[in-house]
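Read through the structure below, which is laid out as structure tokens, and then see the notes.
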Amino acid sequence: MPIEAAEALAGKDLLGIAHLEAGEIQLLLDTAEQLLEIARRPIKKVPTLRGMTVVNLFMEASTRTRFSFEVAEKRLSADTLNFSASTSSVTKGETLFDTARNLMAMAPDFIVIRHPRTGAPHRLAREVSASVINAGDGSNEHPTQALLDAFTMRRHFGELKGLKVVIAGDIRHSRVARSNAFLLGKMGAEVRFVAPPSLLPVEVESLGVKPYYRLEPALEEADVVMMLRIQLERQKKINFPSMREYFDFFALTPERLSMARENALVMHPGPMNRGVEIDSEVADGDQSVILEQVTNGVAIRMAILYQLAGGRRDAHAHS
Ligand code: CP
């Protein structure tokens, strides 16, 4: 059955959840649901993006997002170019925009960008004609992560509306937390942020989430518990006494998890720091969907590319 390709997203950029309507989020989740079965086929490839080129421009470390985009692009038959800052002419002083202009001279259709600076994808999108997809910019947004998180929750609970979602850890430096707060708020879920005061953002109330300074009260009736690592790379100094103390007060242990709903999901965007924000027994336990998030990430990234491309060649791909 052909997958619906909506005009709403065709030819556009995907820069953040803040810019998406609830209907567009729903469309991407529905598209991912249909594309998920491609991973179960003996030949995991459809011709949807044949003849199209995607540049993966990663100026910051990544394992899951980078490989997940590459797998998604290859499953849709796109040609992929992988750019990593450490092996490029960025090391010789070339700027992002000179890099982008040179890459545009090779006529890509999409640029997937991860960058340590907030707003870099938005600036790039103003300079280039390719569709730009934000794969994480500084502490601002990580829209494809929030979409795959929502997709994972919806697959377990049927809908997002009414879910109680706890997001705990270094919220202040987390683009994952911000994108999830925007997305879950738009879709009618309740979001609870948990962190020591030094790791909560100043604008927490304006994000429409409930702040908590301890994990235990936030866990009451929680459907989802999403743990985040402490992003030491974005902090000039450590904002809490010690890792040991952080584990004692904020880590998700089996005892703390038992305070949430019986069927609560344990989520983590990765990379995990076992023994800091999460106990291994929980990370590897029955309620953990951490690896499912990674599998779902491929379907979500395929859905994004599919819809931004306007569902080209969908009749061949999915009939
Ligand atoms: N979740 C996530 O963004 O992981 P990576 O940094 O490994 O891409």
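Okay, residues lined up against (1) under 21 Å from the mean Cα position of the chain (by Cα); (2) of a type in the set (Lys, Arg):
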{"position": "24", "(1), (2)": "yes, no"}
{"position": "28", "(1), (2)": "yes, no"}
{"position": "31", "(1), (2)": "yes, no"}
{"position": "34", "(1), (2)": "yes, no"}
{"position": "38", "(1), (2)": "yes, no"}
{"position": "41", "(1), (2)": "no, yes"}
{"position": "46", "(1), (2)": "no, no"}
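Residue 244 satisfies every condition listed in (1) in a loop (DSSP other than H, G, I, E, B); (2) modelled with pLDDT under 90; (3) among the basic types (Lys, Arg) except (1). The single condition from (1) modelled with pLDDT of 95 or more; (2) within 23 Å of residue 14 (Cβ to Cβ); (3) assigned to a loop (DSSP other than H, G, I, E, B) that residue 310 fails is (1).
One residue stands out among those in the range 104-124 that are of a type in the set (A, V, I, L, M), more than 16 Å from the ligand (Cβ to nearest atom) and open to solvent by less than 20 Å² (accessible area, probe 1.4 Å): the one that is nearest to residue 11 (Cα to Cα), which is 111. Only one entry in 203, 159 is surrounded by fewer than 24 Cβ atoms within 10 Å (Cβ to Cβ), at pLDDT below 95 and acidic (Asp, Glu), namely 203. Within the range 108-123, being in contact with a helix residue (DSSP H, G or I) (Cβ under 8 Å, 6 or more places away or on another chain) and within 17 Å of residue 82 (Cβ to Cβ) holds for 110, 111, 112, 113, 114, 115. The residue of the range 46-68 that is least open to solvent (accessible area, probe 1.4 Å), among those that are within 12 Å of the ligand (Cβ to nearest atom) and β-branched (Val, Ile, Thr), is 65.
If you go through the range 69-82 and keep only what is among the hydrophobic types (A, V, I, L, M, F, W, C), surrounded by fewer than 19 Cβ atoms within 10 Å (Cβ to Cβ) and within 15 Å of the ligand (Cβ to nearest atom), you end up with just 71.
Of the residues making up the range 70-105, those that are more than 16 Å from residue 121 (Cα to Cα) and in contact (Cβ under 8 Å) with a residue 24 or more places away in the chain number 13. Checking the range 86-100 against the condition returns no match, with no residue being within 16 Å of the ligand (Cβ to nearest atom), open to solvent by less than 50 Å² (accessible area, probe 1.4 Å) and either at pLDDT below 90 or closer than 29 Å to residue 227 by Cβ (or both).
The values are calculated or read from the model by the stated rules, or taken from the named source; none is laboratory data. Computed from a predicted structure; not experimentally measured. Note: ideal-geometry Cβ built from the backbone for every residue, glycine included; neighbour counts use all protein chains shown. Remember, those area values only see protein heavy atoms, side chains included, never the ligands or the DNA or RNA. Shrake-Rupley method; radii C 1.70, N 1.55, O 1.52, S 1.80 Å.
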